[in-house]
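*Asks:* One structure is given below, represented as structure tokens, and several questions about it will come after.
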Amino acid sequence: MMRTPITPEGLKKLKDELERLITVERPQIIQAIAEARAHGDLSENAEYHAAREKQSFIEGRIQELQAKIASAEVIDPSKINQDKVAFGAKVRVYDSNADDEFVFILVGPDETDVKAGKISVTSPVGRALIGKEVGDVVKVKAPARDIEYEILEITFG
């Protein structure tokens, strides 16, 4: 089985969502289906069909989360050599073409949140940054243009 890197915080979020789905959402939808069934003819019962569709989504998400948790490899960024960019690093870079600075946090694919600056270590930018040091310049081929980032700072935690 292929292992997927994840931070301890990322694993906790997945487990919390799974717990909520199993203990709150699943019982609620079972109750909603029972109530909709009580209304009679199921062939024309929109409430019943909507509840069954939501149940299908919840069960699918539960299976997906269980698989992600089973394949997760928890990596604690505080235990990594912090001289170079690695999983869990917060990297401040300078883009000379855009004359702007950006901050990226390298996380696992299941934790990616671009708006929060969390990018996957498997993304083109993430792969380019891994193993580099402060002062290094990395080149990333993006669909719109080639990007050059100078690494200004690397922090962990």
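*Asks:* Taking 0.36 nm per residue of separation and subtracting the Cα-Cα distance, what length does fully extending A144 through I62 add?
*Replies:* Answer, rounded to one decimal: 25.8 nm.
*Asks:* So for the pair V134, L152, with labels modelled 7 Å out along Cα→Cβ, what separation do we get in nm?
*Replies:* In this crude label model, V134 to L152 measures out at 1.3 nm.
*Asks:* Can you work out D for the range 4-74 in µm² s⁻¹ from Stokes-Einstein, where Rh is the Kirkwood radius over C-alpha pairs, the temperature is 4 °C and the viscosity is 1.567 mPa s?
*Replies:* It diffuses with D of about 96 µm²/s by this estimate.
*Asks:* Which residues' amide hydrogens lie under 5 Å from the amide hydrogen of K118, considering only partners 5 or more residues apart or on another chain, with H built in the peptide plane?
*Replies:* HN-HN under 5 Å from K118: I105, D113.
*Asks:* Another question about this same structure. To make sure I understand the rule: partners must be aspartates and glutamates, Cα under 16 Å from the Cα of K139, and not fewer than 8 residues away in the same chain. Which ones qualify?
*Replies:* D95, D99, D100, E101, E148, E150
*Asks:* Quote the FRET efficiency, to the nearest 0.05, computed for D83 versus R26 with a Förster distance R0 of 35 Å and r equal to the Cβ-Cβ distance.
*Replies:* Calculated transfer efficiency: 0.15.
*Asks:* Which entries in the list K15/K132; K12/K84; K79/K132; K15/K84 go over 22 Å, if you measure between the two C-alpha atoms of each?
*Replies:* Distance filter (> 22 Å) returns K15/K132; K12/K84; K15/K84.
*Asks:* Still on this structure, please answer the following. Taking Cα pairs under 8 Å and at least six residues apart, what relative contact order does the chain come out at, in percent?
*Replies:* 24 percent
*Asks:* Mind checking which aspartates and glutamates have their Cα closer than 12 Å to the Cα of K54? Skip sequence neighbours fewer than 8 apart in that chain.
*Replies:* Those aspartates and glutamates meeting the cut-off are E25.
*Asks:* Something else: Once phi is turned into ³J(HN,Hα) by the Karplus curve 6.51 cos²θ - 1.76 cosθ + 1.60 with θ = phi - 60°, what whole-Hz value does each residue of the range 40-55 show in order, with x for glycine and proline?
*Replies:* Ordered by residue, 3J(HN,Hα) equals x, 3, 6, 5, 10, 9, 5, 4, 5, 5, 5, 5, 5, 5, 5, 4 Hz.
*Asks:* Moving on. Mind computing the radius of gyration and Dmax over the alpha-carbon atoms of the chain? Å is fine for both.
*Replies:* Rg and Dmax of the chain, Cα atoms, are 21.7, 70 Å.
*Asks:* With label points built 7 Å along Cα→Cβ from the Cα atoms of S71 and K54, find their separation and express it in nm.
*Replies:* Here the answer is 3.0 nm between the modelled labels.
*Asks:* Another question about this same structure. Restricting the count to DSSP beta bridges whose residues both fall in the chain, what percent are antiparallel, rounded to a multiple of 5?
*Replies:* The answer is about 75 percent antiparallel.
*Asks:* Separation between the M2 and S123 pseudo-spin-labels, each 7 Å from Cα along Cα→Cβ, expressed in nm?
*Replies:* 1.9 nm
Taken together, the values in this text are just the output of simple stated rules run on the coordinates, not laboratory data. Since we're looking at a predicted model, the values are computed, not measured. Every residue, glycine among them, receives a Cβ derived from its backbone with ideal geometry; neighbour counts consider all protein chains shown.
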